[in-house]
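Visitor: First the structure, which I've put down as structure tokens, then a few questions once you've had a look.
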Amino acid sequence: MSILVVGARGMLGQDVVKAFSSDYRVTSLGHRDLDITDQNNTIRVIKKLNPNIVINCAAWTDVDKCESYTEKTIAVNSLGPKNLALACREIDSVLVQISTDYVFDGHKTTPYVEDDPPNPQSVYGKSKLLGEEHVFSLLDRYFIVRSSWLFGENGNNFVSKILALTQKINELAVVYDQVGSPTYTLDLARAIAELVQKNDYGIYHITNNKSCSWYGLTRDILEIAGIQGINVRPIPTKELKRPAARPAYSVLENRKWQSTGHTPLRCYPEALADYLRKHP
Ligand SMILES: NC(=O)c1ccc[n+]([C@@H]2O[C@H](COP(=O)([O-])OP(=O)(O)OC[C@H]3O[C@@H](n4cnc5c(N)ncnc54)[C@H](OP(=O)(O)O)[C@@H]3O)[C@@H](O)[C@H]2O)c1
């Protein structure tokens, strides 16, 4: 089986390449190797490589900047997946499209299941939903994997930012009114490798187990890393005045993952402890 990973130099992309490398022939293409917004070239390159499965880890993930650069956001997050789906259709490959909890509005108070109606509140969320729609309207054999609050060794993320801040300041103001499930890219990458072994195509929510607020996550990071003397102040989202709206509640129930016979991913504090051991 041959696998093509695009967006392969990103935080998730690098772990996906590793997760597949022992059992598959993997070609990894970063942004410089393949720009997924270039339709003709994307189709040409993918037809030439002729992989069995394409995994799209490419995206523009700067949620706040996306608000001011709609055209670029749509090009990367919506038309990129469309181009990949068109290529996969020509060579009858499976496409794995990574998506996000930000497709939901966050008004629920219980975990979102895969067929809850999406209602994104940001340009980023809208562009990711449009990407999903292109994939499922063009292909029969696809996996759309929605995950949330990613942290991993190969990218700037909330956990690494908090750790860096504790070197400089001793008071952190962190929002308490956004709740989600932090997810370790290593666990997500392994789950994707497990997912593609069966033909149960469709939309999946895959996250680490348990949920928290960003404030709660910050306290967990400090506790697990054994960092003392930092005052963490809980603040409401509105105090941050960020350009993009975030869902207040975006916990994803991993319903399809479990109903198709997969074991729930470990709880996020366990994954976080593992990450912090490797990335002190
Ligand atoms: N980060 C999160 O908390 C989070 C949460 C839920 C879902 N997700 C989803 O998870 C996936 C992976 O995210 P991540 O956190 O690993 O993001 P990331 O670290 O920003 O990686 C994305 C990669 O895509 C590349 N890329 C950007 N534009 C491209 C283009 N036109 N053609 C090809 N490659 C391009 C980027 O390269 P350059 O940097 O060189 O542009 C980067 O290497 C994305 O689909 C994202 O929407 C992320």
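The values are calculated or read from the model by the stated rules, or taken from the named source; none is laboratory data. All of these numbers come straight from a predicted model, not from anything done at the bench. Reconstructed Cβ throughout: ideal geometry from the backbone, glycine too, with neighbour counts over all protein chains shown.
Visitor: Quick one: in region 4-33, of everything that is small (Gly, Ala, Ser) and at negative phi, which residue is farthest from the ligand (Cβ to nearest atom)?
Guide: The residue in question is 22.
Visitor: Condition (residue is part of a strand (DSSP E or B), touching a Leu at 6+ places or on another chain (Cβ under 7 Å), within 10 Å of the ligand (Cβ to nearest atom) and not hydrophobic (A, V, I, L, M, F, W, C)) applied to region 180-194: is it met by at least one residue?
Guide: Looking through region 180-194, at least one residue is part of a strand (DSSP E or B), touching a Leu at 6+ places or on another chain (Cβ under 7 Å), within 10 Å of the ligand (Cβ to nearest atom) and not hydrophobic (A, V, I, L, M, F, W, C).
Visitor: Any residue that is in contact (Cβ under 8 Å) with a residue 24 or more places away in the chain and either near the ligand (Cβ under 7 Å from one of its atoms) or of a type in the set (A, V, I, L, M) (or both) - is there at least one of those in region 65-74?
Guide: yes
Visitor: Just to be sure I understand, how many residues within region 39-64 are surrounded by fewer than 18 Cβ atoms within 10 Å (Cβ to Cβ), more than 12 Å from the ligand (Cβ to nearest atom) and more than 20 Å from residue 100 (Cα to Cα)? Talk me through it step by step, then tell me what you get.
Guide: Of all residues in region 39-64, those surrounded by fewer than 18 Cβ atoms within 10 Å (Cβ to Cβ) come to 39-41, 44, 47-50, 52, 62, 64.
Going one step further and asking which of them are more than 12 Å from the ligand (Cβ to nearest atom), we end up with 40, 44, 47-50, 52, 64.
Those still in the list that are more than 20 Å from residue 100 (Cα to Cα) too: 40, 44, 47-50, 52.
Count: 7.
Visitor: Failed condition for residue 176, given (1) out of contact with any helix residue (DSSP H, G or I) (no Cβ under 9 Å at 6 or more places or on another chain); (2) of a type in the set (Ser, Thr, Tyr); (3) over 30 Å from residue 3 (Cα atoms), with all others met?
Guide: Answer for residue 176: the failing condition is (1).
Visitor: Same structure, new question: Scan region 135-162 for residues that are within 16 Å of the ligand (Cβ to nearest atom) and part of a helix (DSSP H, G or I) and jot them down.
Guide: Listed by number, the residues that qualify are 135, 136, 158, 159, 160, 161, 162.
Visitor: Then there is this: Looking at 72, 48, 18, which is the one that is modelled with pLDDT of 95 or more, within 18 Å of the chain's Cα centre (by Cα), assigned to a helix (DSSP H, G or I) and charged (D, E, K, R)?
Guide: 18
Visitor: Kindly provide the set of residues from region 6-15 that are in contact with a Cys (Cβ under 8 Å, 6 or more places away or on another chain) and either β-branched (Val, Ile, Thr) or not in a helix (DSSP H, G or I) (or both), ordered by number.
Guide: Of everything in region 6-15, those that are in contact with a Cys (Cβ under 8 Å, 6 or more places away or on another chain) and either β-branched (Val, Ile, Thr) or not in a helix (DSSP H, G or I) (or both) turn out to be 6, 7, 8, 10.
Visitor: Yes or no: residue 102 within 15 Å of the ligand (Cβ to nearest atom), touching a Lys or Arg at 6+ places or on another chain (Cβ under 8 Å), part of a helix (DSSP H, G or I) and of a type in the set (Phe, Trp, Tyr)?
Guide: Criteria met by residue 102.
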